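In what follows, a structure is listed as structure tokens, so that the remarks can point back to it.
The values are calculated or read from the model by the stated rules, or taken from the named source; none is laboratory data. Keep in mind it's a predicted model, so treat the numbers as computed, not measured. Note that we place each Cβ from the backbone using ideal geometry, even for glycine, and neighbour counts take in every protein chain shown.
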Amino acid sequence: MSEIDADAILPNDRVQQSVAAGEITQLTRGASNRYASEGDTFEIDGEGSESLDAYKQRMKRVHPEGFTWDDTEEVLTYRFEQVE
């Protein structure tokens, strides 16, 4: 377990604000990069996807030039909870 930089796992300010507000409780990212490990923590002062299919569609929208979804690729879902 370690403290990580929120920018490493949460891609932009909008996502960070949504996580801080409790509006986003999980985020799915491609598994080619591991952004955090179980138990890691981060501090934030918020865009997620409600399902894998929604994530797939969002990735196709934000990468219109040549993005191809590969069903054999692994993805990781990171879940967040607020700690007092």
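It is to be established whether one or more residues within the range 45-63 are within 19 Å of V83 (Cβ to Cβ), outside any helix (DSSP H, G or I) and either of a type in the set (A, V, I, L, M) or at pLDDT 80 or above (or both).
no
Could you please let me know if E38 is in a loop (DSSP other than H, G, I, E, B) and either touching a Phe, Trp or Tyr at 6+ places or on another chain (Cβ under 9 Å) or at pLDDT 75 or above (or both)?
For E38, the condition - in a loop (DSSP other than H, G, I, E, B) and either touching a Phe, Trp or Tyr at 6+ places or on another chain (Cβ under 9 Å) or at pLDDT 75 or above (or both) - is met.
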